[in-house]
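Chemist: Input: one structure, supplied below.
The values are calculated or read from the model by the stated rules, or taken from the named source; none is laboratory data. Just so you know, these numbers come straight off a predicted model, no measurement behind them. Reconstructed Cβ throughout: ideal geometry from the backbone, glycine too, with neighbour counts over all protein chains shown. Each accessible area value is taken on the protein alone, full model and side chains, heavy atoms only, with ligands, DNA and RNA left out. Shrake-Rupley method; radii C 1.70, N 1.55, O 1.52, S 1.80 Å.
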Amino acid sequence: GEDSMLIICEGNSALSGLMPARNIDTEALYAVRGKVKNALKSSLSECLKNAEVNDIISILGCGIKDNYDSSKLNYGKVAISVDADVDGFNIMCLISTLFWVLMPNFIKEGRLCWLRAPLYRLQKGSERVFAYNDEELKELRKTHKNWIQGRNKGLGEMTSEDMEQSMMNEELRRLEVLTI
């Protein structure tokens, strides 16, 4: 329904961490394997041969191109969650491009989001705080002296507990609506 979200993540390792951290009543998960077809460089028929493209279209249930109908959506939003590295950003761009080419109104309606993963974790005992870039880390280190610092190289290296406290916590997560 409208209050639910499909989270498209990068790979099965990310999927396995997000699965226990999500709200099963409102959040569904789908892992892409590798890179999705570049919808700008490929014909529609080539795009539709890609398993990930077909899965996403089928999961959303709203049709594509001129047949797009947001009233038929199975999920009100889609969040893309990828590693904070060059490959992750490339995958995010390919998925965003797919939506732009096949379902531009999905983006115009404010339904496509980026679910950001933190780059750093500071921890003292069971307490954790997260930073999403170097500047945030620098600020956190001023107020959290002598806390143990960890760096997340990718979603697959994050624990379910870290994902639950940072990415899946509705009050703390960084869910940014992607706009044109």
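Chemist: Checking the condition in contact (Cβ under 8 Å) with a residue 60 or more places away in the chain and over 19 Å from ARG173 (Cβ atoms), which residue from LEU44, LEU94, LEU48, LEU98 passes?
Modeler: Only one candidate passes the filter, namely LEU98.
Chemist: Using the structure shown, decide if THR143 is of a type in the set (S, T, N, Q) and free of Cβ contacts under 8 Å to residues at least 12 places away in the same chain.
Modeler: Taking the combined requirement at face value, the residue satisfies it.
Chemist: Taking the stated definitions as given, is LYS108 surrounded by fewer than 16 Cβ atoms within 10 Å (Cβ to Cβ) and touching a Cys at 6+ places or on another chain (Cβ under 6 Å)?
Modeler: no
Chemist: Output the residues belonging to segment 166-180 that are open to solvent by less than 100 Å² (accessible area, probe 1.4 Å) and either in a loop (DSSP other than H, G, I, E, B) or among the basic types (Lys, Arg) (or both).
Modeler: SER166, MET167, MET168, ASN169, ARG173, ARG174, LEU178 - these are the residues of segment 166-180 that are open to solvent by less than 100 Å² (accessible area, probe 1.4 Å) and either in a loop (DSSP other than H, G, I, E, B) or among the basic types (Lys, Arg) (or both).
Chemist: Further, regarding this structure: Looking only at strands (runs of 3 or more DSSP E) that lie completely in segment 48-165, which have at least 1 residues being in contact with a helix residue (DSSP H, G or I) (Cβ under 6 Å, 6 or more places away or on another chain) and not β-branched (Val, Ile, Thr)?
Modeler: The qualifying strands (runs of 3 or more DSSP E) are 112-115, 120-124, 127-131.
Chemist: Out of all the residues in segment 59-70, is one or more in contact (Cβ under 8 Å) with a residue 12 or more places away in the chain and open to solvent by less than 10 Å² (accessible area, probe 1.4 Å)?
Modeler: yes
Chemist: So how many residues does segment 1-36 have that are part of a loop (DSSP other than H, G, I, E, B), open to solvent by less than 70 Å² (accessible area, probe 1.4 Å) and modelled with pLDDT under 90?
Modeler: Within segment 1-36, residues that are part of a loop (DSSP other than H, G, I, E, B), open to solvent by less than 70 Å² (accessible area, probe 1.4 Å) and modelled with pLDDT under 90 number 3.
So that you can scan it fast, the table gives a plain yes or no per residue for (1) at pLDDT 95 or above; (2) in contact with a Ser or Thr (Cβ under 9 Å, 6 or more places away or on another chain):
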| position | (1), (2) |
| --- | --- |
| ILE80 | yes, yes |
| PRO104 | yes, no |
| LYS108 | yes, yes |
| TYR120 | no, no |
| ASP134 | no, no |
| ASN146 | no, no |
| ARG151 | no, no |
| MET167 | no, yes |
| LEU175 | yes, no |
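Chemist: Take the conditions under 30 Å from THR159 (Cα atoms), out of contact with any Lys or Arg (no Cβ under 8 Å at 6 or more places or on another chain) and crowded, with 19+ Cβ neighbours inside 10 Å and apply them to ILE95. Does it pass?
Modeler: Yes.
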